[in-house]
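A short write-up of the structure that comes next.
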Amino acid sequence: MRKLIIALLSIGVSSQLVAQANDRGEIYQPVPAKVTGVGHGIAPSDAIVLFDGSDLDAWQIADSEEAAAWDIEDGVVTVKKGAGTIKTRQRFGDIQLHVEWRPTDNVQGDGQGRGNSGIFLHSLYEVQILDSWNNPTYINGQAGSIYKQHIPLVNVSKPPGEWQSYDIIFKAPVYAVTGVLESPAYVTLMQNGVLVLNHAEILGATFTLEPEYTIRCEPYSQSREQDCSGKMPISLQDHGQIVSYRNIWVREL
Ligand code: MG
């Protein structure tokens, strides 16, 4: 009898479930969980909603841990210049993240000075948000880039004032208990439904020109004890420019 062990899933601490194929190579257990409710503007049923248009209760100011104070109007939250980068209260490891964003149509600056914000995965790795519609800048800093690490495959940006979407698959880095990196982070990014980053390997924090992985688990809070659980907050950047957000949800993988 040919037995094929397809996968070993650890559930909790003590119990384990082995997916086994029968003699015909068919697997019946465990059945994938049902997820419903997927649609435009609707989070999947198993998602954690981080912003549904009503409040920023899921967020706090990144460097002070006070309540996030960006402006909410008509179900949309907009970066409040000088109010600071915000981060989720909850920490996340491997995730699927959906974010809708819109640079202002009141165009004033250019290059990096036009519709600049960003999503910092693990509060360290920036998926750049920029108005990249007819707005040349260094290409590893345009919309769809991992800031100064990865250039987007295409520019699928819409004109300023129009809503755009990011769907991000993030694989968190893995560290040994000694702090040595075992596996880097990876990012796959769909912008407006189009693949712009395909399993891009993250080199380290995007704050620096010489990225490296370090156990720097709380970049915005020097006083807190380091948490190297592999889970970190998601941050949205206050770059001093007007960018709005809506429909933010995350699924833990
Ligand atoms: Mg930015």
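With a cut-off of 8 Å between alpha carbons and a minimum separation of six or more residues, what is the relative contact order of the chain in percent? Numbers along the way, then the final one.
On the way: 592 pairs, mean separation 64.2, N = 253.
Result for the chain is 25 percent.
Taking H placed 1.01 Å from N in the peptide plane, check which residues at least 5 places from ASP46 or on another chain put their amide H under 5 Å from its amide H.
THR36
Between PHE207 and GLU162, take the C-beta separation as r, use R0 = 41 Å, and let me know the FRET efficiency to the nearest 0.05. Intermediate values should be presented prior to the final figure.
Working: r = 30 Å, r/R0 = 0.72.
Approximately 0.90, to the nearest 0.05.
What ranking do SER183, SER64 get, fewest neighbouring Cβ atoms within 10 angstrom at the top? It would help to have the intermediate numbers written out before the result.
Details: SER183 13, SER64 10.
The most exposed by this proxy come first: SER64, SER183.
For THR85, THR178, what's the fewest-to-most ordering of other Cβ within 10 Å of each Cβ? Provide the component values of the computation, followed by the final result.
Details: THR85 19, THR178 7.
The order, fewest Cβ neighbours first, is THR178, THR85.
Can you sort TYR186, TYR166 by how many other beta carbons sit within 10 Å, fewest first? If you can, show how the numbers build up before the last one.
On the way: TYR186 17, TYR166 20.
Starting with the residue having the fewest Cβ neighbours, the order is TYR186, TYR166.
Among 36-43, 114-121, what's the highest-first ranking by average C-beta atoms within 10 angstrom per residue?
In decreasing order of mean packing, 36-43, 114-121 become 114-121, 36-43.
Check which residues have an amide H placed less than 5 Å from MET232's amide H, if you skip close sequence neighbours.
For MET232, whose amide H was placed from the backbone, the distant partners under 5 Å are PHE92, GLY93.
Excluding same-chain residues fewer than 8 positions from LYS81, which lysines have a Cα within less than 29 Å of its Cα?
Leaving aside lysines fewer than 8 places away in the same chain, those within reach of LYS81 are LYS148, LYS158, LYS231.
Sum up the charges of everything whose Cβ sits under 12 Å from the Cβ of GLY141, counting Lys and Arg as +1 and Asp and Glu as -1, but leave GLY141 out.
Numbers: positive: ARG114, LYS148; negative: GLU126.
Charge balance near GLY141 sits at +1.
Once fully extended, how much extra length lies between ARG91 and ASP52, figured as 0.36 nm per residue of separation less the alpha-carbon to alpha-carbon distance? Can you show the working numbers first?
Numbers: separation 39, 0.36 × 39 = 14.04 nm, distance 1.84 nm.
Length gained between ARG91 and ASP52: 12.2 nm.
Which order do the peptides 88-96, 126-134 take when ranked by the mean count of other beta-carbon atoms within 10 Å per residue, highest first? Working shown, then result.
Numbers: 88-96: 17.3, 126-134: 23.9.
Per-residue mean Cβ counts within 10 Å order the peptides as 126-134, 88-96.
Evaluate E = 1/(1 + (r/R0)^6) for VAL177 and LYS231, where r is the Cβ-Cβ distance and R0 equals 22 Å; express this FRET efficiency to the nearest 0.05. Present the calculation step by step, with values, prior to reporting the outcome.
Values: r = 16 Å, r/R0 = 0.71.
Calculated transfer efficiency: 0.90.
Go through THR36, GLN241, TYR138 and say which Cα lies farthest out towards the positive end of the charge dipole of the chain; charges sit on Cβ, +1 for Lys and Arg, -1 for Asp and Glu.
THR36
Report the GluC sites (Glu not before Pro) located in region 34-87 that are in a DSSP loop and have at most 16 other Cβ atoms inside 10 Å of their Cβ, or state none.
Details: sites: GLU65, GLU66, GLU73; in loops: GLU65, GLU66.
Here the sparse-neighbourhood loop sites are GLU65, GLU66.
Work through the residues other than ALA68 whose Cβ is under 13 Å from its Cβ and net out their charges, Lys, Arg +1 and Asp, Glu -1. Display every interim value, and only then the final one.
Details: positive: LYS80, LYS87, ARG89; negative: ASP55, ASP57, ASP63, GLU65, GLU66, ASP71, ASP238.
With Lys, Arg at +1 and Asp, Glu at -1, the neighbours total -4.
Could you work out how far the C-alpha centroid of region 19-45 sits from that of region 231-250, in angstrom?
Centre-to-centre (Cα) distance: 30 Å.
Quick one: what do you get for the chain if you divide its Cα Rg by 2.2 N^0.38 Å?
Values: Rg = 19.7 Å, N = 253, 2.2 N^0.38 = 18.0 Å.
With N residues counted in the chain, Rg over 2.2 N^0.38 Å equals 1.09.
Might you report the magnitude of the Cβ-based charge dipole of the chain about its Cα centre, with Lys and Arg at +1 and Asp and Glu at -1, to the nearest 20 debye? Intermediate values should be presented prior to the final figure.
On the way: 19 positive and 29 negative charges, 139 e Å.
Using Cβ point charges on Lys, Arg, Asp and Glu, the chain gives about 660 debye.
Local charge sum around GLN108 (other residues, Cβ-Cβ under 15 Å, Lys/Arg +1, Asp/Glu -1)? It would help to have the intermediate numbers written out before the result.
On the way: positive: LYS81, ARG114; negative: ASP105, ASP110, ASP131.
Every neighbour counted, the sum reads -1.
Bear in mind these aren't lab numbers, they're just calculated from the coordinates by the rules spelled out. None of these values were measured; they are calculated from a predicted model. Glycine also receives a Cβ, built like all others from the backbone with ideal geometry; neighbour counts cover every protein chain displayed.
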